[in-house]
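Student: Here you go, one structure.
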């Protein structure tokens, strides 16, 4: 009998919520392929005259047909996570173009390999790669079947246009959660969503509440969740002017403060220096 937490695995929630997410194909992993995944085996590990592990050859062949059926690049993940800790994900946002590259970036992901080691991986999940507009990516915090909070997903910049649609997005997300809540056996969870250009909401992923799930702009799981926090967006950049030494002293103070209060942060700034003009 499956536990409620198993619903967070893509092959489990997909049949229930298929009408609200991207078309996804699943390739089941044999135990030999799972062992190769845990070991991190891919074609780059072999010399020209080396004998390739049959399990690696086998899973790559099994990926070939479903990937060929997907136009363009694919986004690859496993049951419980995606290889978001790889260089490929950072540079290409997860786009892969061949079965070999799909397998390679799964084996290069420490996160994926740890999940496989814990017995949390049974399938490789494939969907069409979509270059998402970062102003329309959000993380929903659902508590007791109700939308409790909503965070901008992309944290590297402030998007001015979001200020004008924040109430619309919050209202639309709340209606969406209310609409699908009856389908969710797990009533407290985290859901990543994407607003299409037409205003439709698509589910990207489901995550457990708390633990290793990043609270993003909600900062910490150790907060009062008894009242809705609303939608939280990146603040606009702060303009600082004055002597360059004072500016850097201020930035150092900001870094010290951030290190005391949050587990990680990104400080992005542009420095404009005016040279003294001689009369």
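Student: Residue check, residue 34 against (1) over 19 Å from the mean Cα position of the chain (by Cα); (2) assigned to a helix (DSSP H, G or I); (3) exposed (fewer than 14 other Cβ atoms within 10 Å of the Cβ); (4) at pLDDT 85 or above, all met but one. Which one?
Tutor: Condition (3) is where residue 34 drops out.
Student: For residue 183, indicate whether it is in contact with a helix residue (DSSP H, G or I) (Cβ under 7 Å, 6 or more places away or on another chain) and surrounded by fewer than 14 Cβ atoms within 10 Å (Cβ to Cβ).
Tutor: Yes, satisfied.
Student: Taking the conditions exactly as written (in the same structural domain as residue 75 (by TED's automatic domain parsing), more than 16 Å from the chain's Cα centre (by Cα), at negative phi and free of Cβ contacts under 8 Å to residues at least 24 places away in the same chain), does residue 113 satisfy them or not?
Tutor: Judged against the criteria, residue 113 is not a match.
Student: For the condition modelled with pLDDT of 90 or more, under 20 Å from residue 207 (Cα atoms), surrounded by fewer than 19 Cβ atoms within 10 Å (Cβ to Cβ) and in contact with a helix residue (DSSP H, G or I) (Cβ under 7 Å, 6 or more places away or on another chain), what is the one hit in 117, 143, 134, 139?
Tutor: 117
Student: Still on this model: So, in segment 67-84, of the ones that are over 19 Å from residue 132 (Cβ atoms), out of contact with any strand residue (DSSP E or B) (no Cβ under 7 Å at 6 or more places or on another chain) and touching a residue at least 12 places away in the same chain (Cβ under 8 Å), which residue ends up surrounded by the most Cβ atoms within 10 Å (Cβ to Cβ)? Quick ask: steps written out before the conclusion?
Tutor: As a first pass, look at segment 67-84 and keep what is over 19 Å from residue 132 (Cβ atoms): 67-69, 78-80.
Now narrow it down to the ones that are out of contact with any strand residue (DSSP E or B) (no Cβ under 7 Å at 6 or more places or on another chain): 68-69, 80.
Okay, now just the ones that are also touching a residue at least 12 places away in the same chain (Cβ under 8 Å), so 69, 80.
Details: 69: 11, 80: 25.
Residue satisfying both the conditions and the ranking: 80.
Student: If I ask for residues that are touching a strand residue (DSSP E or B) at 6+ places or on another chain (Cβ under 8 Å), in a loop (DSSP other than H, G, I, E, B) and at pLDDT 90 or above, which ones from segment 92-106 would you list?
Tutor: The one that is touching a strand residue (DSSP E or B) at 6+ places or on another chain (Cβ under 8 Å), in a loop (DSSP other than H, G, I, E, B) and at pLDDT 90 or above: 97.
Student: Continuing with the same structure: Which one is farthest from residue 239 (Cα to Cα), of the residues in segment 134-166 that are part of a helix (DSSP H, G or I) and touching a residue at least 12 places away in the same chain (Cβ under 8 Å)?
Tutor: Of everything passing the filter in segment 134-166, 136 is farthest from residue 239 (Cα to Cα).
Student: Tell me which of these residue 23 doesn't satisfy, since it passes every other one: (1) surrounded by 17 or more Cβ atoms within 10 Å (Cβ to Cβ); (2) in contact (Cβ under 8 Å) with a residue 60 or more places away in the chain; (3) under 24 Å from the mean Cα position of the chain (by Cα).
Tutor: (1)
Student: Is segment 48-55 home to any residue that is part of a helix (DSSP H, G or I), assigned by TED's automatic domain parsing to the domain that holds residue 98 and over 25 Å from the mean Cα position of the chain (by Cα)?
Tutor: Scanning segment 48-55, I find at least one residue that is part of a helix (DSSP H, G or I), assigned by TED's automatic domain parsing to the domain that holds residue 98 and over 25 Å from the mean Cα position of the chain (by Cα), so the answer is yes.
Student: Based on this model, can you work out whether residue 89 counts as in contact (Cβ under 8 Å) with a residue 24 or more places away in the chain, assigned to a helix (DSSP H, G or I), at negative phi and under 21 Å from the mean Cα position of the chain (by Cα)? So that I can check it myself, show each step before the final result.
Tutor: Working: in contact (Cβ under 8 Å) with a residue 24 or more places away in the chain: no; assigned to a helix (DSSP H, G or I): yes; at negative phi: yes; under 21 Å from the mean Cα position of the chain (by Cα): yes.
Taking the combined requirement at face value, the residue does not satisfy it.
Yes/no matrix, rows are residues, columns are (1) surrounded by 16 or more Cβ atoms within 10 Å (Cβ to Cβ); (2) in contact with a helix residue (DSSP H, G or I) (Cβ under 9 Å, 6 or more places away or on another chain); (3) not assigned by TED's automatic domain parsing to the domain that holds residue 85:
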residue: 195; (1), (2), (3): yes, yes, yes
residue: 201; (1), (2), (3): yes, yes, yes
residue: 205; (1), (2), (3): yes, yes, yes
residue: 209; (1), (2), (3): yes, no, yes
residue: 217; (1), (2), (3): yes, no, yes
residue: 220; (1), (2), (3): no, yes, yes
residue: 226; (1), (2), (3): no, no, yes
residue: 241; (1), (2), (3): no, yes, yes
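The values are calculated or read from the model by the stated rules, or taken from the named source; none is laboratory data. Everything numeric here is computed off the predicted structure, so don't read it as measured data. No Cβ is skipped: glycine too gets one built from the backbone with ideal geometry, and neighbour counts run over all protein chains shown.
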